[in-house]
Every structure is written in structure tokens, then in C-alpha cells.
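Q: Before anything else, here's the structure in question.
The values are calculated or read from the model by the stated rules, or taken from the named source; none is laboratory data. Not measured: the values here are computed from a predicted model. Note: ideal-geometry Cβ built from the backbone for every residue, glycine included; neighbour counts use all protein chains shown.
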Amino acid sequence: MRPENLVLKNLARRKGRTVLNSIGLILAIAVIVATVTISNSMEIKIGEEVEKYGPNVVVTPDTKSINVPYGSVTVGSSTFDEATLKNLETIENAVNIRIVSPKLFGQTEYEESNLLMVGVNADDERLLKVWWDINGEIPEPGSDETLLGSEVYSALELSIGSSIDLNDRTFTVTGYLSETGSNDDYTVFLPLATAQEMMGLPGKVSVVDIGALCSDCPVEEISKQIMDAIPGVKATPVKQAVETRMMAVEQAASFSLGLASVVLVAGCIGVMNTMVSSVHQRRREIGVFLSLGADSSFVYRIFLFEAVLLGLAGGLLGAGLGVASSVLLGPLVLSTATSIGNVPRFVVPLSLAISVVACLVASLYPTWRATKIDPVSALKAI
């Protein structure tokens, strides 16, 4: 009789015990699959929501600061040409640049105080800072209109439609920001072209914020490409927020995988118990085969084939349970929507491989014991 047929008949006789002893293995595979799937979903979510972190590359003039006994001296220009931003279209990763928002900083007098004035392209800035809650309207490009930060709006006791004189020029307040908790609350925003004209710096910008980070683009490389394309600037990647969230995801995944390893060990013990029990129950059957001339390789094939079947079954059940739990429990427990499409392609083959290898390792000792059965003693017990 072929070893495969013997194994199938044996498993069919003790289905219940086999399933019970394989629960640990199935749960371990389920935890591994669920962890990898949910981690992958969270990384995708971070990539999709990365624009909420604001600029990911900040481009400034390449100035240098020299320390002197009474402070420091800045060497180099504090602005650069806005026209050079066209060179961004030529960099290798230009397709990864989502939004470009140039700014010009300056101060403006108002009554007996100075106000921070920032020239911006309001549409670009609003796309970059999706958390902005604008009351009213943004200034039209090239107009004498202004958008006020929440603190400025409150301190000056203005209203939408009011006029404000800045450097002997009258502006209309078209809107104001709700509190952001950032420097934007203390800022007067003007159209970029208008600010350049007021400051006598036509075509100049102080800084450019670029939204370029995504889940699959190299932000450090993009920064280098920008500096190569635009001479005289420094491009600095800003990625702390994303790295913090990614680190949290990795730590949670590591903990879950560590827990899965413990469960996997318990599962291997369960499989080993199944195989030892199988050897004990089939002692007479094995003795008959050995007395009829079967060698150790025949016994090894029987039990190793049984281990492979247990591994495949446990891997498939565990993978199915892991995917189902991640899809059902992910949104409830971690507020992370997970779908079948978020399951990495390698997860199922990996789970099957882990399960099969674990079962093979767990079956080595019981199989070795089976080959040591004395045919004479086994036949006497019949």
C-alpha cells in the first residue's frame, strides 16, 4: 500500500483530535497573517494621508551663519528667484511632487507695532495645509486683499470686509483662519505678487514648501535632485511625523509577531503530541510493515507526508482566519480599514511555508521513535 493512502486513512480516523491539536498552529499563523496585513494597511493609510503633515521638503537659500563674539553673521542672500522653480519639472522624481508653495517673508508696520507678513499663492498654500479652516475667502492673486491669522484677526478687532492699512497701502480683509496652534495664527497673508511689489523684491521668494513625500518615493533623493536642479538653494526633507507613525506601526507589528512566535511554539508542541499519539496508536501497524520488509525510509515517508498535510491544512486555515480577522477587526480595534486587496502577495505562501516547516520539525522526534519500534514486540501484541 502506498504511504499516501495510509496517511489519508489515518487522518480520516482521527479528524477531531488532529484539529484540536493543530489549533495552536492555526492561531499562530492567523496572528502572523493578521499582523502583516494590518501593518501593510496602516502603511498605505499613512501614505494616503501624508499631506496632512504639511511640507515634506523645505527649500531655502543656501545661506551660512558665521559665529562672531557678538552674535552671528549670515553670509549669502535671504531670497532666491521664483523663476528657478520651473527646474523642478526636470528632476527625475518630478512626478512625485504633489504641490509647490513659494513664500516671501517680511515685516509690515501697523499703527505702533510690526506684523509678520507672508506673501503666498493662497490656493497652493491651502492645498498644502489641509488643516486650514478658512472663514471667508482667500485673497485673489495680485489683489490688495489679505487673509489674517486668528490671533492677528482677534487682536486688531477686524471683521471680514474691513480695511487695513499696511505700509501706506489699503487692503481688504477677505477672511481669517481658525486657530491652528502654529505661526500662521500671527501672520498676515498677502498674494505673493503683491508682497513682492511692496517689499521691492519682484520675482523673489524666501522659502518654498514642497509636498513630495509619499509611501513609495525617496524624499532624501528628491531633496538632492532639487539642489542639483536649482543652484544656490538648500532642500531639507521633513519626515519626522511620518517616521514617528511608521515606528509605532513597526513596534506594534514586532510585538504581535513576538506573540505569534510563542503561539507557534505551542502549536508545534500540539503537532508533536499528535504525531507521538499517532505513533503509539499505530505501533502494531508499523511493526507489521517493518516485519514485511519495510525500511526506515518508508516509515519516514509516512509521518513526514502526514506532517506536510497538517502543515498545509494549518497554514490555509490560519491564513484564512488571519485575513478574515484583519478585515473584520481592523476597522473596529485599530480604526484601520483593511480589504483583501491590502493583503501582501507573499503572506499566504509565507504562512504555508512556516506552517509546513513547523510541522516537519515537530514530527522529527516522533518519526525517529517510529523507526525504532521492534517488529517482534509489535507483532506479539497483536
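Q: Are any residues in segment 31-56 at pLDDT 75 or above and of a type outside the set (A, V, I, L, M), and if so, which ones?
A: Within segment 31-56, THR35, THR37, ASN56 meet the criteria.
Q: Also, I was wondering about something else. Between ALA307, ALA378, which is at pLDDT 70 or above and in a helix (DSSP H, G or I)?
A: ALA307
Q: In this structure, does SER101 turn out to be under 34 Å from the mean Cα position of the chain (by Cα), at pLDDT 70 or above and in a strand (DSSP E or B)?
A: So SER101 passes the test.
Q: Still on this structure: Does ASP123 satisfy the condition of being under 28 Å from GLU220 (Cβ atoms), modelled with pLDDT of 85 or more and surrounded by 12 or more Cβ atoms within 10 Å (Cβ to Cβ)?
A: So ASP123 does not fit the description; no.
Q: Would it be correct to say that VAL130 is crowded, with 18+ Cβ neighbours inside 10 Å and at negative phi?
A: Answer is no for this residue.
Q: All but one of (1) modelled with pLDDT of 70 or more; (2) surrounded by fewer than 19 Cβ atoms within 10 Å (Cβ to Cβ); (3) touching a helix residue (DSSP H, G or I) at 6+ places or on another chain (Cβ under 6 Å) hold for ILE286; which doesn't?
A: (2)
Q: Another question, if that's okay. Take the residues in segment 188-199 that are crowded, with 20+ Cβ neighbours inside 10 Å and not aliphatic (A, V, I, L, M); name whichever of them is nearest to the chain's Cα centre (by Cα).
A: Result: PHE189.
Q: Considering only segment 140-187, state which residues are touching a residue at least 40 places away in the same chain (Cβ under 8 Å), over 36 Å from the mean Cα position of the chain (by Cα) and buried (at least 22 other Cβ atoms within 10 Å of the Cβ).
A: THR146
Q: Residue check: is ILE134 more than 28 Å from GLY211 (Cα to Cα), in contact (Cβ under 8 Å) with a residue 12 or more places away in the chain and of a type outside the set (S, T, N, Q)?
A: The answer is no for ILE134.
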